[in-house]
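What follows is a single structure, written as structure tokens, with notes after it.
The values are calculated or read from the model by the stated rules, or taken from the named source; none is laboratory data. Owing to the predicted nature of the structure, the values given are computational and were not obtained by experimental measurement. Cβ sites come from the backbone with ideal geometry, for glycine too, and all protein chains shown count toward neighbours.
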Amino acid sequence: MNKQEIIQKIQALGFPEEDYWLVTGGAMVLYGIRNETHDIDLGCSRKLADRLEAEGYLTKRYPDGTRKFEMPGDIELFEDWLFDRVDTIDGVPVISIKGLIMMKESLGRAKDMSDLALIRVFLAHQQEQV
């Protein structure tokens, strides 16, 4: 999915902007770090998680009590999954780049290490532009 496809899919969900934020690969696409991603991962508030559970969406509960929801269209929502703060890009709430780095470091998978390298190149290029 490219940037426009991500924005369209997220807007089609109709969630209040204060109750969700884009994370991981989708966030990297909106920042311009990557051109596309295979799925959309969102963090969400407890309020939105409660609503989704009440509406009957498939729910997985983690040991810490937070929940994961699988939505149509390769979209997953993770309750309270936020590092740092939320910015807005093209009307979409998105985890900050600092938060994205923190998230990728905490996940620690090989693909996250590759993403961290891409983020560092992106940030270095941004510094050159200043």
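Does Ile95 meet the test of being closer than 22 Å to Gln127 by Cα, touching a residue at least 12 places away in the same chain (Cβ under 8 Å) and surrounded by 12 or more Cβ atoms within 10 Å (Cβ to Cβ)?
On the way: closer than 22 Å to Gln127 by Cα: yes; touching a residue at least 12 places away in the same chain (Cβ under 8 Å): yes; surrounded by 12 or more Cβ atoms within 10 Å (Cβ to Cβ): yes.
Here the answer is yes, as Ile95 does meet what is asked.
Report whether or not Ile89 is modelled with pLDDT of 95 or more and either out of contact with any helix residue (DSSP H, G or I) (no Cβ under 6 Å at 6 or more places or on another chain) or of a type in the set (Lys, Arg) (or both). Give the steps one after another, and end with the answer.
Numbers: modelled with pLDDT of 95 or more: yes; either out of contact with any helix residue (DSSP H, G or I) (no Cβ under 6 Å at 6 or more places or on another chain) or of a type in the set (Lys, Arg) (or both): no.
Against the criterion (modelled with pLDDT of 95 or more and either out of contact with any helix residue (DSSP H, G or I) (no Cβ under 6 Å at 6 or more places or on another chain) or of a type in the set (Lys, Arg) (or both)), Ile89 does not qualify.
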So which of Gly25, Gly56 ends up being exposed (fewer than 12 other Cβ atoms within 10 Å of the Cβ) and not aromatic (Phe, Trp, Tyr)? Gly56
Please work out which one of (1) under 16 Å from Asp90 (Cα atoms); (2) of a type in the set (Asp, Glu); (3) without any contact (Cβ under 8 Å) to a residue 24 or more places away in the chain is the condition Glu17 fails and give its number. (3)
Quick check on segment 38-57. Is at least one of its residues under 20 Å from Leu118 (Cβ atoms), among the polar types (S, T, N, Q) and modelled with pLDDT of 95 or more? no
Is there a residue in segment 15-29 that is more than 13 Å from the chain's Cα centre (by Cα), small (Gly, Ala, Ser) and not in a loop (DSSP other than H, G, I, E, B)? no
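Results for (1) surrounded by fewer than 18 Cβ atoms within 10 Å (Cβ to Cβ); (2) assigned to a loop (DSSP other than H, G, I, E, B); (3) without any contact (Cβ under 8 Å) to a residue 24 or more places away in the chain, shown as yes or no for each residue.
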| site | (1), (2), (3) |
| --- | --- |
| Leu52 | no, no, no |
| Gly65 | yes, yes, yes |
| Glu70 | yes, no, yes |
| Phe78 | no, no, no |
| Asp84 | yes, yes, yes |
| Ile101 | no, no, yes |
| Lys111 | yes, no, yes |
| His125 | yes, no, yes |
Looking only at segment 95-130, and only at residues there that are out of contact with any Lys or Arg (no Cβ under 6 Å at 6 or more places or on another chain) and among the small types (Gly, Ala, Ser), the one that is nearest to Glu17 (Cα to Cα): Gly99
